[in-house]
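See below for the structure under consideration.
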Amino acid sequence: MNKLSSFRRITVKIGSALLVDRKSGLKRDWLASLVDDVAVLTVQGTEVLVVSSGAIALGRTMLGLKSRALRLEESQAAAAVGQIALAGAWADALARHGLKSGQVLVTLGDTEERRRYLNVRATVGTLLKMQAVPVINENDTVATSEIRYGDNDRLAARVATMMGADLLVLLSDIDGLYTAPPAIDPNAEFIPFVERITPAIEAMAGAAASELSRGGMRTKLDAGKIATVAGTAMVITSGTRPNPLSAIDKGERATWFAASANPVRGYKTWIAGNLEPAGRVTVDAGAVRALLSGKSLLPAGVTLVSGNFSRGDTVAVLDPSGREIARGLAAYDAADAVRIAGLKTAEIEAVLGHEARSAMVHRDDMVMSAHAETASP
């Protein structure tokens, strides 16, 4: 595969278990070795963005919290303590190489809402122009949903596509993708290259391997789908060794995922990368064929509507078997979508009482999934 220096912009994701030891705290020697690699890439002209987990893991160690499930407020408190130490460690390590750093904390809403997405992109882009290394993490101190260690894989993919990175590196506690979890199946075979993430590839994913890294291979493949459809290649490799980025260039074991040959761009990158669709729309076989031919989704082809979404929210489009084949922006609120599902265009006005749009999701606001061509006919 290509040397890392051949890529223009790289996003590197580091999991909590790589950065933090539950007894001793931050693994400073490992961090220093990683930053050595970052500095080499920077000198060679490659821009590097870092998505760093570890705030909660580090904070709970500093606070002396026992190895048990934390309540939400305890996780938030641990994040508040750990984030300061984590940011300081990154700043110190980068400064030894004469590199500046900038901390960017984001929430799910910052990547899902269009205006906030553009604002984050502008901030990170300005940091790169100023030759500072952005160090990005979820803002766990204010997160209101359940917080899980190491589940920054999809966030890293979102950041990579948002910033137009041409490579996403996921440093993990496993050296790549296997046909089955190797800890469970000793006969599992290593897969060095994945051209496209198909359902068969997704079926190979297993559960997380450690308490401090709960994302597991499943979220890494989710990240891969977000990244590759937008034209960003991805590599999964072990981060447990020193200098993990230079190890990739030396040919150490890693799984590479090819970027799509026909990536989505611009506005549609934001649509395709939405992590949590507000609703789901199931369609019939005829609608599947129409969507695959590049047409909009009409109400006549809709068989089921679920979720509480508003016009303009992202919805997932499912084939008759329940498999996601597209994502797009809803042209109707959920209540109206339910009322007109299955109706022909000429029948909509009579039901809603006003002139309405012909499409439930317009083709200009829709992105087909990478494996949509194998959807149920």
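Only one residue in LEU329, LEU304, LEU318 is closer than 30 Å to THR107 by Cα and modelled with pLDDT of 95 or more, so which one is that? That would be LEU318, the only listed residue that is closer than 30 Å to THR107 by Cα and modelled with pLDDT of 95 or more. May I ask you to verify whether PHE257 is within 22 Å of ALA330 (Cβ to Cβ), touching a residue at least 24 places away in the same chain (Cβ under 8 Å) and of a type in the set (Phe, Trp, Tyr)? No, not satisfied.
Being more than 20 Å from the chain's Cα centre (by Cα), farther than 26 Å from LYS250 by Cβ and β-branched (Val, Ile, Thr) is a property that THR42 lacks. The number of residues in the range 243-293 that are assigned to a loop (DSSP other than H, G, I, E, B), closer than 17 Å to ALA157 by Cβ and of a type in the set (Ser, Thr, Tyr) comes to 1.
Listed conditions (1) part of a loop (DSSP other than H, G, I, E, B); (2) surrounded by 15 or more Cβ atoms within 10 Å (Cβ to Cβ); (3) of a type outside the set (Phe, Trp, Tyr) are all met by LEU41, apart from (1). Looking at the range 26-48, which of its residues are touching a residue at least 40 places away in the same chain (Cβ under 8 Å) and either not hydrophobic (A, V, I, L, M, F, W, C) or not assigned by TED's automatic domain parsing to the domain that holds ASP92 (or both)? If the condition is that a residue be touching a residue at least 40 places away in the same chain (Cβ under 8 Å) and either not hydrophobic (A, V, I, L, M, F, W, C) or not assigned by TED's automatic domain parsing to the domain that holds ASP92 (or both), then ARG28, ASP29, SER33, ASP36, ASP37, THR42, GLY45, THR46, GLU47 are the ones that fit.
A quick yes/no check of all residues on (1) surrounded by fewer than 16 Cβ atoms within 10 Å (Cβ to Cβ); (2) modelled with pLDDT of 90 or more; (3) over 23 Å from GLY54 (Cβ atoms); (4) not assigned by TED's automatic domain parsing to the domain that holds VAL35:
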{"site": "PRO199", "(1), (2), (3), (4)": "yes, no, yes, no"}
{"site": "ALA207", "(1), (2), (3), (4)": "yes, no, no, no"}
{"site": "MET217", "(1), (2), (3), (4)": "no, no, no, no"}
{"site": "MET234", "(1), (2), (3), (4)": "no, yes, no, no"}
{"site": "ASN243", "(1), (2), (3), (4)": "no, yes, no, no"}
{"site": "SER246", "(1), (2), (3), (4)": "no, yes, no, no"}
{"site": "LYS250", "(1), (2), (3), (4)": "yes, yes, yes, no"}
{"site": "TRP256", "(1), (2), (3), (4)": "no, yes, yes, no"}
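Restrict the check to the range 310-320 and report whether at least one residue is of a type outside the set (S, T, N, Q) and surrounded by fewer than 14 Cβ atoms within 10 Å (Cβ to Cβ). Within the range 310-320, one or more residues are of a type outside the set (S, T, N, Q) and surrounded by fewer than 14 Cβ atoms within 10 Å (Cβ to Cβ).
All conditions in (1) among the charged types (D, E, K, R); (2) without any contact (Cβ under 8 Å) to a residue 24 or more places away in the chain; (3) farther than 21 Å from THR269 by Cα hold for LYS100, with the sole exception of (2). Exactly one residue out of LYS225, LYS268 is surrounded by 20 or more Cβ atoms within 10 Å (Cβ to Cβ), among the basic types (Lys, Arg) and out of contact with any Lys or Arg (no Cβ under 9 Å at 6 or more places or on another chain): that is LYS225. On inspection, ALA287 passes the criterion of being surrounded by 16 or more Cβ atoms within 10 Å (Cβ to Cβ) and not assigned by TED's automatic domain parsing to the domain that holds ARG154. When the test is whether a residue is in a helix (DSSP H, G or I), touching a strand residue (DSSP E or B) at 6+ places or on another chain (Cβ under 6 Å), in the same structural domain as ALA132 (by TED's automatic domain parsing) and buried (at least 17 other Cβ atoms within 10 Å of the Cβ), ALA57 passes it.
Among the residues of the range 54-62, is there at least one that is within 26 Å of the chain's Cα centre (by Cα) and closer than 23 Å to ALA132 by Cα? Checked the range 54-62: at least one residue is within 26 Å of the chain's Cα centre (by Cα) and closer than 23 Å to ALA132 by Cα. Only a single criterion out of (1) farther than 30 Å from LYS66 by Cβ; (2) assigned by TED's automatic domain parsing to the domain that holds VAL48; (3) assigned to a helix (DSSP H, G or I) is not satisfied by ALA300, namely (2).
Test VAL338 against the stated conditions and say whether it is buried (at least 22 other Cβ atoms within 10 Å of the Cβ) and either of a type in the set (A, V, I, L, M) or in a strand (DSSP E or B) (or both). So VAL338 fails the test.
The values are calculated or read from the model by the stated rules, or taken from the named source; none is laboratory data. What you see is a predicted model; the values in this text were computed from it and never measured. Don't worry about glycine lacking a Cβ; one is built from the backbone with ideal geometry, like all the others, and counts go over all protein chains shown.
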